[in-house]
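Below is one structure, written out as structure tokens; the observations come after it.
The values are calculated or read from the model by the stated rules, or taken from the named source; none is laboratory data. The structure displayed is predicted, hence computed values, not measured ones. With ideal geometry, Cβ positions are generated from the backbone for all residues, glycine too; neighbour counts draw on all protein chains shown.
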Amino acid sequence: MNVSTANVLPTAEPVVELERLGDEIAELSAHLDAATARLLDLIRDFDARGGWNTGFLSCAAWLSWRVGLDPGAARERVRVARALGTLPRLAEALARGELSYSKVRALTRVATAETEERLLAVGRAAPRSMSSASSVAGAGWIARRKRHTRHQLTARTAGALATAGVYPAALTLRATRCYNARASQPLERSGGSA
């Protein structure tokens, strides 16, 4: 039996309901990011005060045991918590729900006190889906995203990369043009027939 789905446009009432659900998801995500900021504050304080030093080798080991985080995720939480102690603008943006934990996690891999403000601007301007460390460092996410999506890189995002001083304007403009040219091409499928 062949089952196919037709593209059905929702009527006005379901559209309003879906928009409300979308808004609620976005609001709850911002609340979770704010709660994560508080959790990271607590982890940083616990780590600095040696609360884990009761037979555990590290704060991450204690965190993994106590709250059931995967050891790698626990190490990453401790790393981000420590980094945010020296990056107050990023910590504030996470606490206000302006940046997701994923973006902050990636930004803390490359941010310093000197680059924090510029990278904060990049994080705010970048797509919500951007979350890898190389993505935050600059336009590396352009090359990866062009292979998987047909989205156009916006002038706003490219401009933010240049304005933030991550890449010179000419390089950012060239990367934007290359990305948009590739994004307009059909996606290649791999792995045989569907």
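So the values come out like this:
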quantity: Residue in the range 2-52 that is nearest to residue 92 (Cα to Cα), counting only those that are at pLDDT 90 or above and among the hydroxyl-bearing types (Ser, Thr, Tyr); calculated: 36
quantity: Those helices (runs of 4 or more DSSP H) lying entirely in the range 34-127 with at least 1 residues over 28 Å from residue 24 (Cβ atoms) and in contact with a Cys (Cβ under 8 Å, 6 or more places away or on another chain); calculated: 71-84
quantity: Failed item in (1) touching a residue at least 60 places away in the same chain (Cβ under 8 Å); (2) among the hydroxyl-bearing types (Ser, Thr, Tyr); (3) surrounded by fewer than 17 Cβ atoms within 10 Å (Cβ to Cβ), with residue 101 passing the rest; calculated: (3)
quantity: Residues located in the range 60-98, provided they are touching a residue at least 24 places away in the same chain (Cβ under 8 Å) and of a type in the set (Ser, Thr, Tyr); calculated: 86
